[in-house]
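Enquirer: Dropping the structure in here first, questions after.
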Amino acid sequence: MDVLADALEVAGVRGVLGARIAAGGTWGISWSRIGGAGFYAVTAGTAWLGVPGRPPAQLMPGDVVLLPTGTEHTLTSAPDAPADTCDCDAAERARADGGVLRFGTGEVQTHILSASYEYDPAVSTQVLASLPEVVHIRADNGGSCLDDTVRLLARELARPQLATAVVLSRLVDILLVQLLRVWVARNPAGARGSWLGVLCDPLVGAAIAKLHEDPARGWTIDLLAAELAVSRTTLARRFRTVAGESFGSYLTRLRMDLAAVRLRDTDDALEAVARAVGYTSVYAFSRAFRRDRGHAPGGYRRSARVWKAVPSGAG
């Protein structure tokens, strides 16, 4: 079981390529906030990233940046350059048409690829939420994996061919996985105490892999410890330290995430949903689900489907 791959799948994380940015001279653009997580890759030139409460960060060719919560930010030609509010309609048209957003009046010197990552709001275990507000991987720290993928992305955009849209969507998803790999490898202390911390710990990583592989099994801390050939005390202590929560809390949350998605997206009877996530009693499942989500399963199913049917951005 690949825990990271499964967590991203359960959370419904999907990348969407954004507009390409071409800028020259003095320029600046600001976003009050973006939906999902924002991503930038600098393919040529330089830019400055500004986030409230943090010093401006210079972005160099080959640098990639992830804003996991889509926090408000600016991209400018210099730390003190003025920034205009982004024309979101123009950005969306450029993204849809494969066009370019042009900033500044001078000769184009800076090229930036943008993307965003959406995730399923029904799922409480979000990998990206474990990251800091800004993840900046410099070209000289990211290794060849990110560099190569950014180059492939830029090449595909410059010379569209058959099924380019499919290639672009896959590359954007690959970029996120590569960025997570690099960040976790270089920040094991920063990952500790969050979901990403499990990727750095062989014991807890193996424990969570077993839970994800068979979430409906009648897991107890004793059974899991026996499967891993460690003591109950050792596993319980390590699990809480590394993952930031107890074994029982994590398992319940995983089960409720899976149940919420199944309730919303299928017509399965409550008995089937309950069994699929490890409950032999509909009553016990309903109690656990209400405690976790604040709604009975049937009420949640109705409200979640209404929410899903509302077009993005409506209202």
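The values are calculated or read from the model by the stated rules, or taken from the named source; none is laboratory data. All of these numbers come straight from a predicted model, not from anything done at the bench. No Cβ is skipped: glycine too gets one built from the backbone with ideal geometry, and neighbour counts run over all protein chains shown. Ligands, DNA and RNA are stripped out before the accessible areas are found, and what is left, the full protein with its side chains, is counted by its heavy atoms. Shrake-Rupley method; radii C 1.70, N 1.55, O 1.52, S 1.80 Å.
Enquirer: Evaluate the charge dipole of the range 57-107 about its Cα centre and quote only its size in Debye, nearest 20, assuming +1 on the Cβ of each Lys and Arg and -1 on the Cβ of each Asp and Glu. Let's see the in-between values first.
Expert: On the way: 3 positive and 9 negative charges, 27 e Å.
That gives a dipole near 120 debye.
Enquirer: Give the shape of the range 169-315 as rounded, prolate or oblate, defined through the alpha-carbon gyration tensor: a ≥ b ≥ c are the square roots of its eigenvalues, a/c under 1.5 means rounded, and otherwise the shape is prolate if a/b is larger than b/c and oblate if not.
Expert: Values: a/c = 2.36, a/b = 1.24, b/c = 1.91.
Oblate, because a/c is 1.5 or more while a/b does not exceed b/c.
Enquirer: Considering the values (1) 15.2; (2) 17.3; (3) 18.1, which represents mean projected area of the Cα convex hull in nm² as calculated for the structure under consideration?
Expert: (3)
Enquirer: Additional query: From the phi of every residue in the range 203-220, what ³J(HN,Hα) in whole Hz does the Karplus formula 6.51 cos²θ - 1.76 cosθ + 1.60 yield, where θ is phi - 60° and glycine or proline is x?
Expert: 5, 5, x, 5, 5, 5, 4, 5, 5, 5, 5, 8, x, 7, 5, x, 5, 10
Enquirer: Please calculate the 1.4 Å probe accessible area of VAL100, with all protein chains present, and give it to the nearest 10 Å².
Expert: 80 Å²
Enquirer: Rounded to the nearest 10 Å², what accessible area does ARG33 have for a 1.4 Å probe in the complete protein model?
Expert: Roughly 140 Å² of ARG33 is accessible to a 1.4 Å probe.
Enquirer: Still on this structure, please answer the following. Give me the accessible area per residue for the range 120-221, probe 1.4 Å, as a whole number in Å².
Expert: Working: 4720 Å² over 102 residues.
I get 46 Å² per residue for the range 120-221.
Enquirer: Relative to the longest principal axis of the chain, what angle (0 to 90°, nearest 10) does the C-alpha long axis of helix 232-243 take?
Expert: Taking Cα atoms only, the helix is inclined about 20 degrees.
Enquirer: Could you compute how much accessible surface ARG186 exposes when probed at 1.4 Å, giving the result in Å² to the nearest 10?
Expert: Here the accessible area works out near 130 Å².
Enquirer: How large is the charge dipole for the chain, taken about the Cα centre, if only the Cβ atoms of Lys, Arg (+1) and Asp, Glu (-1) carry charge, to the nearest 20 debye? Let's see the in-between values first.
Expert: Details: 34 positive and 32 negative charges, 182 e Å.
Dipole of the chain, to the nearest 20 debye: 880 debye.
Enquirer: Could I ask something else about it? On the accessible surface of the range 5-56, probed at 1.4 Å, how many percent belong to carbon and sulfur atoms? Kindly include the intermediate steps, with their values, before the conclusion.
Expert: Details: 1020 of 1920 Å².
Carbon and sulfur atoms account for 53 percent of the accessible area of the range 5-56.
Enquirer: Roughly speaking, to the nearest percent, how much of the range 181-245's 1.4 Å accessible area is carbon and sulfur? Present the calculation step by step, with values, prior to reporting the outcome.
Expert: Details: 1550 of 3130 Å².
Percent of accessible area from carbon and sulfur atoms in the range 181-245: 50.
Enquirer: Between VAL51, GLN126, TYR300, whose Cα lies farthest towards the positive end of the dipole of the chain when Lys and Arg beta carbons carry +1 and Asp and Glu beta carbons carry -1, centred on the Cα centre?
Expert: Of VAL51, GLN126, TYR300, it is TYR300.
Enquirer: On to the next question. Answer rounded, prolate or oblate for the range 214-274, using the Cα gyration tensor with square roots of eigenvalues a ≥ b ≥ c: rounded when a/c is under 1.5, else prolate when a/b is larger than b/c, else oblate.
Expert: Details: a/c = 4.29, a/b = 2.17, b/c = 1.98.
Taking the square roots of the gyration eigenvalues as a ≥ b ≥ c, the range 214-274 is prolate.
Enquirer: Still on this model: Distance between Cα centroids, the range 8-24 to the range 80-115: provide it in whole Å.
Expert: 15 Å
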